[in-house]
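*Asks:* Before anything else, here's the structure in question.
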Amino acid sequence: MIFSHKKIARVLAGIAMLGIALAMPLTASNSESYPLLRVEKEAKEAGLSCFAYRQYTELEIDMMAQMVWGEARGTTRDEQKLVVWVVLQRVMSDCGRWPDYIAGVITQNMQFHGFRPSFPIEQDLRDVVVGVLEYWSEGGEPKILYPYAPSLPYFFFRGDGTNNWFREDWKMR
């Protein structure tokens, strides 16, 4: 398979820009200026193997912890991990429905009603988020958890006050 120089250059530029963005100190003024660059698909097409796009910021860790607090506090740790995986599966999705970076998915209009920047960042929830993000950044994939998440992928969930139920499509069967 032959790849154009343009495509390879774009992949390499994306990887380089990601490195620059990650090396920048994260401050309130620039935290929104460096969206996560997703390059895995183009890297694979160019014959490169990398998980360079699977990076995240401290701000995104905190946002995820706040989102888990709003969407899944009181559920089991495994169910809280599934909520984190919903965000990450949307980031990795090729369907074009969601942004390709964590903060964009969490703040997308009409999606995670349980996220508020004013919500607390509890250490136990932050630890759940960090554990999933570290696994994901090393190439880890989402898990199935019966009966809550019976199949992959799961992009949506609804709660009943005790548990969350995860599905690929919006309509719950």
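*Asks:* Just to verify a result, which residue in segment 132-149, among those that are assigned to a helix (DSSP H, G or I) and either of a type in the set (A, V, I, L, M) or surrounded by 15 or more Cβ atoms within 10 Å (Cβ to Cβ) (or both), is modelled with the lowest pLDDT? Spell out how you get there, then give the answer.
*Replies:* Of segment 132-149, the ones assigned to a helix (DSSP H, G or I) are 132-137.
Then keep just the ones that are either of a type in the set (A, V, I, L, M) or surrounded by 15 or more Cβ atoms within 10 Å (Cβ to Cβ) (or both); that gives 132-133, 135-137.
Details: Val132: 97, Leu133: 96, Tyr135: 95, Trp136: 94, Ser137: 91.
Only one residue fits best here, namely Ser137.
*Asks:* Give me the pairs: first residue in segment 134-156 and at positive phi, second residue assigned to a loop (DSSP other than H, G, I, E, B) and not β-branched (Val, Ile, Thr), beta-carbon distance under 8 Å, and six or more apart or on different chains, which are they?
*Replies:* Going by the 8 Å Cβ cut-off, the qualifying pairs are Gly139/Phe51; Gly139/Arg54.
*Asks:* Moving to a separate point now. Does Phe157 count as assigned to a strand (DSSP E or B) and within 17 Å of Trp69 (Cβ to Cβ)? Before you say what the answer is, go through the steps one by one.
*Replies:* Numbers: assigned to a strand (DSSP E or B): yes; within 17 Å of Trp69 (Cβ to Cβ): yes.
When the stated conditions are applied, Phe157 passes them.
*Asks:* Would you mind finding the one in Leu152, Leu88 that is surrounded by 12 or more Cβ atoms within 10 Å (Cβ to Cβ) and assigned to a helix (DSSP H, G or I)? Walk me through how you get there before you give the answer.
*Replies:* Working: Leu152 fails: assigned to a helix (DSSP H, G or I).
After ruling out the rest, the residue left standing is Leu88.
Every residue, every condition in (1) in contact (Cβ under 8 Å) with a residue 40 or more places away in the chain; (2) within 23 Å of Gly161 (Cα to Cα), yes or no:
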| position | (1), (2) |
| --- | --- |
| Glu58 | no, no |
| Gln80 | yes, yes |
| Leu88 | yes, no |
| Pro120 | yes, yes |
| Leu125 | yes, yes |
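The values are calculated or read from the model by the stated rules, or taken from the named source; none is laboratory data. In this text the structure is predicted, and so the values were computed from the model without any measurement. FYI the Cβ positions are ideal-geometry reconstructions off the backbone, even for glycines, and counts take in every protein chain you see.
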